[in-house]
Amino acid sequence: MKDDLKIAWRNLWRNRRRTLITSASVFFAVFFAIIMRSIQLGSYDRMIMNFIESYSGYLQIQHLKYQDNPSIDYSFECSDSLEATIAAVKNVVSVAPHIESFVLASCGTQTKGVAVLAIDPEKERKFSNPEIKLVKYRITGDALERMRKSSSIPSGLVDKIEKILGSSYSSRARFELELGLSSDEINLYMDEILNSTETSNGFLSSNDEGVLVSDRLAGYLKVTIGDTVILMGQGYHGASAAGIFPVRGIIKMPLADIDSRLIIMTIPAAQNFFDVKGKITSLSINLTGKSDRIMSGAQERIGQIITDKITVIKTWEDLNPVLVQQIQGDSQTGIATLAMLYFIIFFGIFGTVLMMISERTREFGVLVAIGMQKRRLKRIITIEMILLGILGLIGGMLASAPVIIYFYFNPILLKGDLGKMMDDIGWDAVMPTAWFGPYFYWQAVVVCIMVLTATLYPLRKISRLKEIEALRS
């Protein structure tokens, strides 16, 4: 076997061009397949993180009937001691109580149905930390006027900023990215731009009677900090719920659908408003990861803590079936694209094999004529094909590894129209890669199947080889 391996290796480099072409086709197939799949899975992870870690949690405790009928009537009692016990469970990162319901919000002549989310501000900082989503910069007509009066900002740059009039940002990094400035322009003008567009904002205290309004909803209701909104709805067991709440801050949510209809208040304020003293509608739990092992383990341990029969522990898949279906559908499309890529590459490999057999038919005839058994010749050819596949496979995996590592820690930031479009549909405008996982190692299986399938043809030709005809070819 060792001699066969040496012969196969030497045979590869007798025709370097053919070997390099075949290995290169496998290399590029593996490289692009890994990168494409990594970006796709990384986007899924980002989408899940945006929605789950900032809203529903990986696990959620709620009333048995709440998911089918999300009414304030299906709330349940929850104590601080229960939350502390759950927070101590292995793999639990944070626990946050919520009250969720729907009401009618009104300010002036503007009225809209909105979702109300009641939080504990201190506990929520460890869960979704909505404070970092407060709007810090807003491009308004007054801000543009201040920039035009400033002699330090070029008029051309002000005209560029005017094109995104009305936009708001919760971080300097996103603002800089949207403007698309060079490093020199950022150093020269960005501080002045930030000073001109900076807006005051506030957050909720533990027993605050005010509310936070999502950015798009604030624009629709035409409210700013210091204004009041009127909320009207149905409280516990049909009780009337109505109140006037001052606006403490404007918050920009990553999901457009939520950003257009969310009002956040404190749990004490919501309990008074809906008349649900000591009750919540859900207890959201974030974990260290979303693997089945971590979630099932945490779910089982928390189930042992909760003994009442009116509550149930839901996973994020149970809470978001539409999101799961979207991911599965898009994943199947990605797999089909990779299958097409490998299908094309397979025929490139197979074409090279046909060329090799055509060129080496006489060589095979001579080897068999001088006494080499066809079985050994088949073995050598099989080893040659496997070595070709291994060269391309290892090269592709090694080349893709640093790309995956770099963009995992430094995601591609999208800007301009594409970045704005992704913001509008609720995704962070970034393209991260997924960390190494089964998708990375499955490429070896796929390449082995391709190479072994392509090897069937030369093995069949050797089996049917006639020495005289081969020597005359």
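The values are calculated or read from the model by the stated rules, or taken from the named source; none is laboratory data. In this text, all values refer to a predicted model and were calculated from it rather than measured experimentally. No Cβ is skipped: glycine too gets one built from the backbone with ideal geometry, and neighbour counts run over all protein chains shown. Note: areas computed on protein heavy atoms with side chains; ligands, DNA, RNA excluded. Shrake-Rupley method; radii C 1.70, N 1.55, O 1.52, S 1.80 Å.
Brief remarks on what is shown
- Where a residue in the stretch 124-136 is closer than 14 Å to Leu262 by Cα and its partner, wherever it lies, is in a helix (DSSP H, G or I), with Cβ under 7 Å and at least six apart: Pro130/Glu124
- Which listed residue is at pLDDT below 75, open to solvent by less than 20 Å² (accessible area, probe 1.4 Å), in contact with a helix residue (DSSP H, G or I) (Cβ under 8 Å, 6 or more places away or on another chain) and assigned to a helix (DSSP H, G or I), from Gly396, Gly419, Gly392: Gly419
- Scanning the stretch 312-327 turns up one or more residues that are at pLDDT 90 or above and aliphatic (A, V, I, L, M).
- Single condition Glu469 does not satisfy, out of (1) open to solvent by 20 Å² or more (accessible area, probe 1.4 Å); (2) assigned to a loop (DSSP other than H, G, I, E, B); (3) not hydrophobic (A, V, I, L, M, F, W, C): (2)
- Residue-level check: of (1) modelled with pLDDT under 90; (2) farther than 26 Å from Asn91 by Cβ; (3) surrounded by fewer than 20 Cβ atoms within 10 Å (Cβ to Cβ), Thr288 misses just (2).
- Going through (1) over 29 Å from Ser155 (Cα atoms); (2) open to solvent by less than 30 Å² (accessible area, probe 1.4 Å); (3) in contact (Cβ under 8 Å) with a residue 60 or more places away in the chain; (4) not hydrophobic (A, V, I, L, M, F, W, C) one by one, Thr197 falls short only on (1).
- Where a residue in the stretch 177-188 is of a type in the set (Ser, Thr, Tyr) and surrounded by 14 or more Cβ atoms within 10 Å (Cβ to Cβ) and its partner, wherever it lies, is in a helix (DSSP H, G or I) and at pLDDT 80 or above, with Cβ under 6 Å and at least six apart: none
- Residues of the stretch 247-266 include at least one that is of a type in the set (Gly, Ala, Ser) and over 19 Å from Glu122 (Cβ atoms).
- Residue in the stretch 100-109 that is among the β-branched types (Val, Ile, Thr), open to solvent by 30 Å² or more (accessible area, probe 1.4 Å), on the phi < 0 side of the Ramachandran plot and over 27 Å from the mean Cα position of the chain (by Cα) present: yes
- Selection from the stretch 152-201 of residues that are in a strand (DSSP E or B) and among the hydroxyl-bearing types (Ser, Thr, Tyr): Ser168, Tyr169
- In the stretch 200-209, the residues that are in contact with a helix residue (DSSP H, G or I) (Cβ under 9 Å, 6 or more places away or on another chain) and open to solvent by less than 50 Å² (accessible area, probe 1.4 Å): Phe203, Leu204, Asp208
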